[in-house]
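Here the structure is laid out as structure tokens; the discussion comes afterwards.
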Amino acid sequence: MFNTKFLIVAAAALTLSACSGINTDGERAIVGAGIGCLAGEALDNDCKTGALVGAVGGALADDL
């Protein structure tokens, strides 16, 4: 049995890996916030927390 939440999170991870053309921290933060909101809604109906985590993760992605 497939878990819908797992599939949504996996799709979000694949989408993030395809963002190699994004160059600035601001652009990565915007994309991260969007994907984080979608993941937050899919997992526990909390778009704001997902967007916050996604934005921070996107902005800091090149620093890791």
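Carbon-plus-sulfur fraction of the accessible area of the stretch 18-59, 1.4 Å probe, in percent? So the carbon and sulfur contribution to the accessible surface is 66 percent. In terms of the mean number of neighbouring beta-carbon atoms within 10 Å, the peptides 37-43, 4-10 order highest first as 37-43, 4-10. Eigen-decomposition of the gyration tensor built on the alpha-carbon atoms of the stretch 21-64 gives equivalent ellipsoid semi-axes of 20, 9, 7 angstrom, largest listed first.
Amide H contacts under 5 Å for ASP46: GLU41, restricted to partners 5 or more places along the chain or on a different chain, H placed in the peptide plane at 1.01 Å from N.
The values are calculated or read from the model by the stated rules, or taken from the named source; none is laboratory data. This one's a predicted model, so the numbers in the text were calculated from it and none came from an experiment. Cβ sites come from the backbone with ideal geometry, for glycine too, and all protein chains shown count toward neighbours. In case anyone asks, the SASA skips ligands and DNA or RNA and just uses the protein heavy atoms, side chains included. Shrake-Rupley method; radii C 1.70, N 1.55, O 1.52, S 1.80 Å.
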